[in-house]
1. Between the DSSP loop rule and a limit of at most 11 other Cβ atoms within 10 Å, which GluC sites (Glu not before Pro) in segment 82-117 are left?
2. Looking at segment 34-115 from every direction and averaging, what is the projected area of its Cα convex hull in nm²?
3. Near the amide H of S37, under 5 Å away, which other amide H atoms are found, from residues 5 or more places off or on another chain, if H is placed in the peptide plane?
4. Between A90 and D76, 0.36 nm times their residue separation minus their Cα-Cα distance comes to what?
5. For Cα pairs less than 8 Å apart in space and 6+ apart in sequence, what is the mean separation divided by the residue count of segment 34-115, i.e. the relative contact order in percent?
6. Convert each backbone phi in segment 27-43 into a coupling constant with the Karplus relation 6.51 cos²θ - 1.76 cosθ + 1.60 (shift: θ = phi - 60°), then list the ³J(HN,Hα) values in order as whole Hz, x for Gly and Pro.
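Read-outs throughout are calculated quantities, based only on the coordinates presented, and are distinct from any laboratory measurement. Nothing here was measured: the structure is a model prediction, and the numbers come from that model. Glycine gets a Cβ as well: all are built from the backbone with ideal geometry, and neighbour counts include every protein chain shown.
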Amino acid sequence: MFGQECSTKEGQRRDEMTASHDTVEPVTERTHDNSWSANLEKPHHAEDRELVLAQARDAVDHTEPGNHVNLVTHGDHGHPETYLYEELDAAYGDAVDYEYVEQCGCGGHVTRVHVDQ
């Protein structure tokens, strides 16, 4: 449902998997006035937790109040409570609420972030 693009590292060259944050495609380039999903489980996300956190913040920043974004994170980083929740608390405090939704069949995780009005 959420992780249609489950990523694997098989067949990837090392140089394809290590990209600077500046060369990686942004998670979104528009503001979403609806609920949407951000795919943070591509191979370059598996290699770079800081990229996952930066793009998770970008996704929340591009979600209008009253809506939510599903952050679909790569399974290589483990359960999002071990790294993502603290980042959301630090960046947004009470301006967002989040909940764990499910683990995808490919091993990724879905966290729903509600942006408060």
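1. none
2. 4.7
3. Amide H to amide H, under 5 Å and 5 or more residues apart or across chains, S37 pairs with N70.
4. Result: 2.8 nm gained on full extension.
5. 35
6. Coupling constants for segment 27-43: 5, 7, 10, 9, 8, 9, 9, 7, 7, 7, 10, 10, 7, 10, 10, 6, x Hz.
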